[in-house]
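Below: one structure, written as structure tokens.
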Amino acid sequence: SAGNKELKSTHMKIMSLMRGCLKDLPTYQWLTVLPQLVSRICHQNGETVQMVKNIITSVLHQFPQQGLWIMAAVSKSTVPARREAAAEIIQGARKGFNQSDRGHNLFIQFASLTDHLIKLCFHGGQPRSKIINIATEFSALKRMMPLDIIMPIQQSLTISLPAFDMNNNERQHSASVFSVSDLPTISGIADEAEILSSLQRPKKIILLGNDGVEYPFLCKPKDDLRKDARMMEFTAMINRLLCKYPESRRRKLYIRTFAVVPLTEDCGMVEWVPHTRGLRHILQDIYISCGRFDRQKTNPQIKRIYDQCAVKKESEMLKTKILPMFPPVFHKWFLTTFSEPAAWFRSRVAYAHTTAVWSMVGHIVGLGDRHGENILFDSTSGDCVHVDFSCLFDKGLQLEKPELVPFRLTQNMIDGLGITGYEGIFMRVCEITLTVLRTHRETLMSILETFIHDPLVEWTKSHKSSGVEVQNPHAQRAISSIEARLRGVVVGVPLPVEGQARRLIADAVSLENLGKMYIWWMPWF
């Protein structure tokens, strides 16, 4: 048919274009989109797959260090088609090195290291113990050290494109952009790993760099970190956009990111964010110190109030019964943590900026589950750091207690913003961030589309796919609602940036919405 013919000819054109690109573009440019390429190694079209594989192989050959960390999870995929495709690519890249070459050895070292790390993620430890003795229980891992493998931290894995330099010729240039020589490599592992008390018993390990620095990581079992990794790519992109726009650059707006390295589809490593503490712990300590919170009694008391509220409206109950028990105190944290006036002021501005940027970005991607343990604050800067992105794309609306607020702007979050509340810096930064996000709608959508093609676990739970891509309606729905937000559509009406920001803030602070939140999301904190 005519349509088919046209499709074929378009496909031919694109393929020849891509062949040209592969020949002409410096490899480091492909490195910037490697995760997107890896998500498409099971495309239905054979020629396309071959093309994608060729590109990935050449990137891996030139940048094995960064490439291997990005490919780790896919090479252990439970979907045979994805796993085999990854193995073929890694094999191809390895062939490029001589047997005696350091590069060849790197691939073998890497496979062995990730196997050990996966075992470590799932290692139960002794039932009551809080530590794992690495020296005895993982002696093989200990013996492997030192390694030529780069430390999987944010600075080493994110690719900052080189500034253009006329005098430098291309070959030499491409090699120097990521000369691995100046990135720290893994030279050892601390003898003890700490087991944290949360449900899945994640481990905190410390890797030692050849630069003498200790790098802590969280090894998380039974958790699909691919979404978190994608979210970090997305925020890295947003950081690049915030740098471009004068209003946001002047205020140095950015999102705090950290490295997320999925090792398989259900475990991985997260770079530990130092000097941070969760909102709930900060507030609980302050309330305890002023006699308003008792570890044994307070939460059961709140539960009783909630249980009795079948008759009265939730918003009334929140307003008359619960909020009076907890007058806002978050401002005290800034006073005690940053005792010097200029530092206090800087920290509060940093808090307002980072909270506003995250609120807007979180709303756009439908990030839910923003309870007091997923929002951390940095005690050296006042920055707001979000963690745990498993509840994305409005998944919060499908919970039995649907999440109605677009982001967390509870009374204490407002208290930290100072005398103007959300009307001052916060509102302005929300507007600036929305402007940037809306202006670059296409760029952001292209990254979010990879979420669709990378079969993220819960979309494919229902049908274990053969690994060949399937278009799936949930994902399509999520993507169209994100696109609507990036057009400023709120409840069917397109709004200007200011209107959209005001409307979202109103939804976030509405007692109606807060009253309907799940009780342990703690709308009173």
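Just so you know, all these numbers are worked out from the coordinates, no wet-lab data involved. Just so you know, these numbers come straight off a predicted model, no measurement behind them. FYI the Cβ positions are ideal-geometry reconstructions off the backbone, even for glycines, and counts take in every protein chain you see.
Okay, here's what the table says:
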item: Estimated Rh, the range 177-246: Kirkwood, alpha-carbon pairs, angstrom; result: 15.1
item: Eligible lysines near Lys321 by straight Cα distance, threshold 22 Å, same-chain separation 8 or greater; result: Lys297, Lys303, Lys312, Lys313, Lys401, Lys516
item: Among 72-80, 248-256, 407-415, the order from most to least packed when residues are scored by Cβ within 10 Å on average; result: 407-415, 72-80, 248-256
item: Mean Cα-pair separation over length for the range 1-133, i.e. relative contact order, pairs under 8 Å, 6 or more apart, %; result: 18
item: Per-q log10 I(q)/I(0), the chain, q = 0.10 Å⁻¹ (Debye; single scatterer per alpha-carbon; no solvent); result: -0.91
item: Per-residue ³J(HN,Hα) for the range 432-447, Karplus 6.51 cos²θ - 1.76 cosθ + 1.60, θ = phi - 60°, Hz, x for Gly and Pro; result: 4, 4, 4, 4, 4, 5, 6, 5, 9, 3, 4, 4, 5, 4, 5, 6
item: Efficiency of FRET from Cβ geometry, Val213 and Ser481, R₀ 30 Å, rounded to 0.05; result: 0.10
item: Pairwise label distance in nanometres, Glu84 with Gln398, each label 7 Å out on the Cα-Cβ vector; result: 3.0
item: Contact order relative to length of the chain, as percent, for alpha carbon pairs under 8 angstrom and 6 or more apart; result: 14
item: Stretchable slack from Val49 to Thr298, in nm (0.36 nm times residue separation minus alpha-carbon distance); result: 83.8 nm
item: Pairwise centroid distance, computed over Cα atoms, of the range 39-97 with the range 349-421, Å; result: 36
item: Under 20 Å from the Ile131 label point (7 Å along Cα→beta-carbon), backbone N, the range 189-210; result: 189-198, 201-209
item: Within the range 1-96: Cβ-based charge dipole about Cα centre, in debye rounded to nearest 20 (Lys, Arg +1; Asp, Glu -1); result: 100
item: Residue-span extension gain [Thr443 to Cys309] - 0.36 nm each, minus C-alpha spacing; result: 43.6 nm
item: Karplus 3J(HN,Hα) series, Hz, for the range 38-50 with 6.51 cos²θ - 1.76 cosθ + 1.60 (x for Gly, Pro); result: 4, 5, 10, 6, 10, 4, 5, 8, x, 4, 4, 4, 4
item: Reach of Lys95 by Cα under 24 Å, taken over lysines that are not fewer than 8 positions away in the same chain; result: Lys23, Lys53, Lys76
item: Length added when fully stretched, Ser289-Arg143, from 0.36 nm per residue minus Cα-Cα; result: 47.8 nm
item: Point-to-point label distance, Tyr245-Asn98, nm (Cα→Cβ direction, 7 Å offset); result: 5.3
item: Where labels lie 7 Å past Cα in the beta-carbon direction, separation of Thr320 and Phe122 in nm; result: 5.5
item: Over the range 1-96 - Rg/Rh using Cα atoms and the Kirkwood inverse-distance radius; result: 1.01
item: Hull volume in cubic angstrom per residue (convex hull over the Cα atoms of the range 15-171); result: 152
item: Vicinal HN-Hα couplings computed from phi for the range 478-484 (Karplus, 6.51 cos²θ - 1.76 cosθ + 1.60; Hz; Gly/Pro x); result: 4, 5, 6, 6, 5, 4, 4
